[in-house]
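Peer 1: Could you have a look at this structure, given as structure tokens, before my questions?
The values are calculated or read from the model by the stated rules, or taken from the named source; none is laboratory data. Values in this document were obtained by computation on a predicted structure and should not be read as measured data. Here the Cβ positions follow ideal geometry from the backbone for every residue, glycine too, while neighbour counts run over all protein chains shown. Side chains included, ligands, DNA and RNA excluded: accessible areas come from the protein's heavy atoms. Shrake-Rupley method; radii C 1.70, N 1.55, O 1.52, S 1.80 Å.
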Amino acid sequence: MSSLKHILITGGAGFIGSHLVRHFVTKYPQYQIINLDALTYAGNLESLADVDGRDNYTFIKGDIRDENLVRAVFAEHHITHVIHAAAESHVDRSILDPLSFVKTNVLGTVNLLQVAKARWQEDYSDHVFYQISTDEVFGALGDTGHFTEQTAYDPRSPYSASKASADHFVRAWCHTYGFPALVSNCSNNYGPYQFPEKLIPLMIRNIIAEKPLPVYGQGQNVRDWLYVLDHVTAIDVVFHKGKVGETYNIGGNHELRNLDLVHMLCDQMDNALGRTSGTSRNLITFVKDRAGHDFRYAIDASKIHREFGWSPSTSFAQGLQKTITWYLENQSWVDHVISGEYQTYYQAQYATR
């Protein structure tokens with residue numbers, strides 16, 4: 001790849017996106033990084049305050065569904081590469097409002113594909129469109145087995161169906177037009193700056209406040225957990241070394257039942273807060289299971305390890321401790337998210353520029 005890259009990162013103010021933006025801005029000062037984010041409820045520019053103002057970083061508030069805006073961004077910033085991380089991503093929200101997931105995850109992705117194809121004018125040398133996806137598109141596993149890159153798609157929720165559809169469109173562009181696309185599917189991410197509707201930050205927040213810890217069903221559902229910074233390094237590797245048309249699974253190699261995870265969080269939080277051991281476990285409250293709740297996800301990430309030597313460098317115990325420490329030391333960030341105060345950062349930093 002040429003060093004003259006103008007990389008559009010969509011959803012760069014979100015959880016994974018903000019870590020991705022920071023990584024690329026910091027590690028590759030020779031690249032121009034353009035962050036396009038609509039700043040919906042989960043987009044938080046406070047998460048990127050440390051890179052705001054860097055010479056190789058530009059933020060643009062906008063919606064990937066807006067064709068005129070996307071065309072203008074491609075033209076003005078001479079976009080050569082796309083890392084597409086923007087998505088509605090919370091399963092519970094998709095059950096309540098599936099249409100918004102279709103509009104953003106499917107139509108927004110197709111809009112980006114259309115604009116990129118037209119802008120690059122079928123001269124695809126030194127161009128890449130990288131679709132960040134999820135293991136949830138594969139459906140659910142029983143007690144054994146793992147998702148591989150050859151596993152057939154079998155989405156079970158409106159969220160995973162919308163991501164599966166987007167992945168199919170990306171691959172269709174690749175096969176039909178020779179479009180330079182890559183796809184990766186990751187397992188459950190966790191770490192700093194995650195919106196507190198997700199399991200780990202929600203539990204941390206409720207433990208601090210001594211509120212009930214809601215666990216779906218009996219907490220037997222199994223997930224593979226991937227520390228977000230490990231995910232970012234894997235994206236970096238795939239972006240630079242991945243083969244057009246290929247798919248790469250990215251996993252954390254750490255399966256855990258939801259209830260066991262909550263127990264670990266309770267015990268580590270009790271220790272961190274100086275509470276009597278077992279105190280927080282008493283807050284666990286089992287609630288009605290989520291509709292269509294997939295039983296188990298597990299990623300086989302042997303391909304990316306075999307081809308590029310990547311494997312997660314952070315053990316789950318290390319990652320969980322880092323995550324707990326970050327949330328305890330950054331409670332003002334969480335308070336701003338909960339109150340909506342974080343939305344004023346854009347007005348203060350960008351609205352008058």
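Peer 1: Within the group 243, 303, which residue is among the basic types (Lys, Arg) and outside any loop (DSSP other than H, G, I, E, B)? First the steps, then the outcome.
Peer 2: Values: 243 fails: outside any loop (DSSP other than H, G, I, E, B).
Answer to the selection: 303.
Peer 1: Just the residues that are among the aliphatic types (A, V, I, L, M) and closer than 15 Å to residue 168 by Cβ, please, taken from segment 107-125.
Peer 2: Pass one, segment 107-125, residues among the aliphatic types (A, V, I, L, M): 107, 110, 112-113, 115-116, 118.
Within segment 107-125, 107, 110, 112, 113 meet the criteria.
Peer 1: Another question about this same structure. Residue 317 versus (1) at pLDDT 95 or above; (2) in a helix (DSSP H, G or I); (3) surrounded by fewer than 14 Cβ atoms within 10 Å (Cβ to Cβ): which is the lone unmet condition?
Peer 2: (1)
Peer 1: Based on this model, can you work out whether residue 37 counts as touching a strand residue (DSSP E or B) at 6+ places or on another chain (Cβ under 9 Å) and of a type in the set (D, E, K, R)? Walk me through it before giving the result.
Peer 2: Numbers: touching a strand residue (DSSP E or B) at 6+ places or on another chain (Cβ under 9 Å): yes; of a type in the set (D, E, K, R): yes.
Criteria met by residue 37.
Peer 1: Might you check whether a residue that is within 22 Å of residue 147 (Cα to Cα) and among the aromatic types (Phe, Trp, Tyr) occurs anywhere in segment 174-196? So that I can check it myself, show each step before the final result.
Peer 2: Taking segment 174-196 first, the residues within 22 Å of residue 147 (Cα to Cα) are 181-190.
In the following step, the residues that additionally are among the aromatic types (Phe, Trp, Tyr) were identified as 190.
Yes: segment 174-196 contains one or more residues that are within 22 Å of residue 147 (Cα to Cα) and among the aromatic types (Phe, Trp, Tyr).
Peer 1: Which number in (1) in contact (Cβ under 8 Å) with a residue 12 or more places away in the chain; (2) open to solvent by less than 40 Å² (accessible area, probe 1.4 Å) marks the one condition that residue 340 misses?
Peer 2: Looking at each condition in turn, residue 340 falls short on (1).
Peer 1: Which one of these does residue 345 not meet: (1) surrounded by fewer than 17 Cβ atoms within 10 Å (Cβ to Cβ); (2) at pLDDT below 95?
Peer 2: With (1) surrounded by fewer than 17 Cβ atoms within 10 Å (Cβ to Cβ); (2) at pLDDT below 95 applied to residue 345, the lone miss is (1).
Conditions tested, residue by residue: (1) touching a Pro at 6+ places or on another chain (Cβ under 7 Å); (2) over 19 Å from residue 320 (Cβ atoms); (3) open to solvent by 10 Å² or more (accessible area, probe 1.4 Å); (4) aromatic (Phe, Trp, Tyr).
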residue	(1), (2), (3), (4)
213	no, no, no, no
217	no, yes, yes, no
220	no, yes, yes, no
249	no, yes, no, no
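Peer 1: What do you reckon, is residue 28 free of Cβ contacts under 8 Å to residues at least 60 places away in the same chain and either open to solvent by 30 Å² or more (accessible area, probe 1.4 Å) or under 15 Å from residue 130 (Cβ atoms) (or both)?
Peer 2: It is true that residue 28 is free of Cβ contacts under 8 Å to residues at least 60 places away in the same chain and either open to solvent by 30 Å² or more (accessible area, probe 1.4 Å) or under 15 Å from residue 130 (Cβ atoms) (or both).
Peer 1: Among the strands (runs of 3 or more DSSP E) confined wholly to segment 118-209, which include 2 or more residues that are modelled with pLDDT of 95 or more and farther than 30 Å from residue 287 by Cβ?
Peer 2: Working: elements: 128-134, 181-186, 188-190.
Where strands (runs of 3 or more DSSP E) fall fully within segment 118-209 and carry at least 2 residues being modelled with pLDDT of 95 or more and farther than 30 Å from residue 287 by Cβ, they are 128-134, 181-186.
Peer 1: Pick from 231, 305, 254: which is within 19 Å of the chain's Cα centre (by Cα) and open to solvent by 50 Å² or more (accessible area, probe 1.4 Å)?
Peer 2: On the way: 231 fails: open to solvent by 50 Å² or more (accessible area, probe 1.4 Å); 305 fails: within 19 Å of the chain's Cα centre (by Cα).
Exactly one residue qualifies, and that residue is 254.
Peer 1: Take the residues in segment 59-104 that are modelled with pLDDT under 95 and β-branched (Val, Ile, Thr), then tell me which one is surrounded by the fewest Cβ atoms within 10 Å (Cβ to Cβ).
Peer 2: That would be 95.
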